[in-house]
């Protein structure tokens, strides 16, 4: 069968942190037919996932110094943890979108010393840390390495040299040799996207640096194209027996994930009632009340914080005032709820609910959000025949309802037949003051 070639792809490649190897950074990108190479300093603002591939030297995130205290020598180690963690995340995003990483192995690995562990303090080490996968150092650097793929021959003939080799006993790891010394693996490709190549550090002449990275990028992009060839559409006409069932299962899983995402988004929107104010808070609370009480909401009042509860026959069965406030419930909030009821043409016995989102600016946690309603305000609300609920209490009723521990009728009775304050903590519902109805 003839090999299917990709259309020519133009790669955007980043070479990162040359100055950490005491190399000058070329002032202009290096461009070829199939790739453009951009050079950026260590710590630059660019992100790995903005490129199709990233090339970097082993060891640029860490530093070792040999010191003496007058009696013995010891190793001083330091590494840039913040930069390393940032680039770990970016490297993962780059690989996820089909890009590649290339680590140039120019030094022996230094993983441990005097019971100290340095095995994850550089990005190259981090990407080689697999179970049953071992890296070992040669006694001396070996200048002649044998390429496994012809594409790397020109690069390795000029710049190849090995300080270390690898033993892979992990059968689950997708690992291919790129270069060998005898029977030892000194260069490898992991998961078809992470290249590890043994190399010298080029000298600091710009023309040599350009040659070095041109040969390297030419080899990597050529191999990467072959490994990630696109299968033409007509090949899909040949089907394996299990394909249809797998497609159907995948579709069902995708639909299930979509449903889960939508439900999680809905639950998150409910919780937004703990931070919103104004029209957003009214919308949040209205949605929760519909879910908990099973009522329709009339929000057409001239006052934007006023809503009414409607039964199945479109009769008003309660009024509600919704407030977002910076501190706790005040007397004036209760009085405004009573005025809303009176303005709507109902007497003082008609159900009136005050829902408040307290501590909008001050709360930084659920614990801080759990701000008690002052006893004098609870008594005043009971006297005015008004029921207070915080949005935290309303969410508590919703949680119980969604868990099947509170029916719609039970919730409706709680809200429409009580005055004072309904406080909800976990599965405990209290009506305060207890003797007021």
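Here, each number is a calculation from the coordinates, and none is a lab measurement. On a predicted model such as this, the values are computed, not experimentally measured, just so you know. Note that each Cβ is placed from the backbone with ideal geometry, even for glycine, and that neighbours are counted across all protein chains shown.
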**Asked** So what's the gap between the Cα centers of region 372-397 and region 269-318, to the nearest angstrom?
**Response** 17
**Request:** Rounded to the nearest 10 degrees, what's the angle between the helix 81-96 long axis and the longest principal axis of the chain, both from Cα atoms, 0 to 90?
**Result:** 90
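Taking other Cβ within 10 Å of each residue's Cβ, how do 21, 12 sort, fewest first? Can you show the working numbers first?
On the way: 21 18, 12 14.
By the 10 Å Cβ count, ascending: 12, 21.
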**Request:** Within 10 Å of each residue's Cβ, count the other Cβ atoms and sort 421, 234 from fewest upward.
**Result:** 234, 421
**Item:** Histogram of C-alpha separations across the chain, 20 Å bin width, %
**Value:** 20, 30, 23, 24, 4
**Fill in**
Length gained if residue 376 through residue 112 is fully extended, taking 0.36 nm per residue and subtracting the Cα-Cα distance, is 88.4 nm
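Which percent, nearest 5, of DSSP beta bridges in the chain are antiparallel? Mind dumping the intermediate values first?
Values: 42 of 74 bridges.
Beta bridges within the chain, antiparallel portion: roughly 55 percent.
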**Item:** Binned Cα-Cα distance frequencies in region 1-114 - 5 Å width, integer %
**Value:** 2, 9, 16, 20, 16, 12, 8, 6, 4, 3, 1, 1, 0, 0, 0
**Request:** Report, in degrees rounded to the nearest 10, the 0 to 90 angle that the Cα long axis of helix 243-271 makes with the longest principal axis of the chain.
**Result:** 50
**Message:** Below 8 Å between Cα atoms, with a sequence gap of 6+, how large is the relative contact order for the chain in percent?
**Reply:** 9
**Request:** Could you tell me whether region 208-321 comes out rounded, prolate or oblate from its Cα gyration tensor? Rule is a ≥ b ≥ c as square roots of the eigenvalues, rounded for a/c under 1.5, then prolate if a/b exceeds b/c, otherwise oblate.
**Result:** oblate
**Request:** Mind pulling up the Rg/Rh value for region 325-373? Radius of gyration and Kirkwood radius, both on Cα.
**Result:** 1.11
**Message:** If I model a spin label at residue 222 and residue 210 as a point 7 Å from the Cα along the Cα→Cβ vector, what separation in nanometres do I get?
**Reply:** 2.1
**Request:** Starting from the alpha-carbon convex hull of region 269-432, give the projected area averaged over all orientations, in nm².
**Result:** 8.6
**Asked** Working from the pairwise distances between different alpha carbons, so that the mean of 1/r is found and then inverted, what is region 265-341's Kirkwood radius in Å?
**Response** 13.2
**Fill in**
Descending packing, highest mean Cβ count within 10 Å first, for 353-364, 386-397 is 386-397, 353-364
**Request:** Would you please classify the overall shape of region 340-437 from the alpha carbon gyration tensor, given that a ≥ b ≥ c denote the square roots of the eigenvalues, rounded means a/c under 1.5, and beyond that prolate means a/b larger than b/c while oblate covers the rest?
**Result:** oblate
**Message:** Using C-alpha positions alone, give me the convex hull volume of region 133-228 per residue in cubic angstrom.
**Reply:** 96
**Prompt:** If you rank 309, 64 by fewest surrounding Cβ atoms within 10 Å, what's the result?
**Reply:** 64, 309
**Prompt:** Which three lengths, in whole Å and largest first, does region 11-227 cover when its Cα atoms are put on their principal axes?
**Reply:** 58, 39, 33
**Fill in**
A student applying the Cα gyration tensor rule (rounded when a/c is under 1.5; otherwise prolate if a/b is larger than b/c, oblate if not) would label region 58-170 oblate
**Relative contact order (%) - criterion: Cα under 8 Å, at least six apart; region: region 11-227** = 18
**Fill in**
Helix-only [θ] at 222 nm, the chain, -39500 (n - 2.57) per DSSP H run of 4+, per residue, nearest 500, equals -10500 deg cm²/dmol
